[in-house]
1. Could you grab the relative contact order for the chain? Cα pairs under 8 Å, six or more apart, rounded to a whole percent.
2. Can you list the aspartates and glutamates whose alpha carbon is less than 14 Å from that of Lys102, not counting same-chain residues fewer than 8 positions off?
3. With +1 on each Lys and Arg Cβ and -1 on each Asp and Glu Cβ, and nothing else charged, work out how big the dipole of segment 1-87 is about its Cα centre, in Debye to the nearest 20.
4. Which of the listed residues, Pro12, Ala92, Leu51, is farthest toward the dipole's positive end in the chain, when Lys, Arg count +1 and Asp, Glu count -1 at the beta-carbon?
5. Say the cut-off is 27 Å between C-alpha atoms; which of Lys11/Lys119; Lys68/Lys113; Lys11/Lys94 go over it?
6. Based on DSSP H runs of at least 4 residues, each adding -39500 (n - 2.57), what is the mean residue ellipticity at 222 nm of the chain after dividing by all its residues, to the nearest 500 deg cm²/dmol?
7. For the chain, what are the DSSP H helices with axial Cα length of 15 Å or more and mean Kyte-Doolittle hydropathy of at least 1.6?
8. For a label point 7 Å from the Cα of Glu29 along Cα→C-beta, name the residues of segment 46-66 whose backbone N is under 20 Å from it.
Amino acid sequence: MTSHKTPQTMKPATAAKKLGVYLEATPAEFQEGVVSRDELNALQTEPPEWLRELRRNGPHPRPVIAAKLGISISGLARGGITDALTTEQIDAVKTEDPDWLKRERETQAEVRKEEARLKATRTES
């Protein structure tokens, strides 16, 4: 008795999240199809030009924007950023360095410090 393995597939939204790109900016054929695990691996190891361009210039999804700004996704929302931004727009926010961004970076630094303290406490026990 032989078993036929069906390839594991995912929705385009899941694949876009794993690739770190904004789904609405991907090509129509990517948005309308399903992505197999093998296809995802191929996109990660040898990204096509459209994927390299999206990663380089955006628009970027919120998790990528937050990481580039050094803040949390919640901090983005508190700062009023709810839409995807291009790399140029992210750089403009960094250059402007608004008060909300400074506060969110301080908050993020405190959160990381507390996480490190808790981790150290756990490893000592």
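1. The normalised contact order for the chain reaches 20 percent.
2. List returned: Glu110.
3. Working: 11 positive and 9 negative charges, 91 e Å.
Dipole about the Cα centre, nearest 20: 440 debye.
4. Of Pro12, Ala92, Leu51, it is Pro12.
5. Working: Lys11/Lys119 35 Å; Lys68/Lys113 19 Å; Lys11/Lys94 33 Å.
Listed pairs above 27 Å: Lys11/Lys119; Lys11/Lys94.
6. -19000 deg cm²/dmol
7. Values: long enough: 99-124 (38 Å, -1.85).
Helix filter hits for the chain: none.
8. Taking a point 7 Å out along Cα→Cβ of Glu29, the residues of segment 46-66 whose backbone N falls under 20 Å are 46-55.
The values are calculated or read from the model by the stated rules, or taken from the named source; none is laboratory data. Since the model is a prediction, treat every value here as computed from it, not as a measurement. When we count neighbours, we look across all protein chains shown, and the Cβ atoms used for this are built from the backbone with ideal geometry, even at glycine. Heads up: the accessible areas ignore ligands, DNA and RNA and are worked out on the full protein's heavy atoms, side chains in. Shrake-Rupley method; radii C 1.70, N 1.55, O 1.52, S 1.80 Å.
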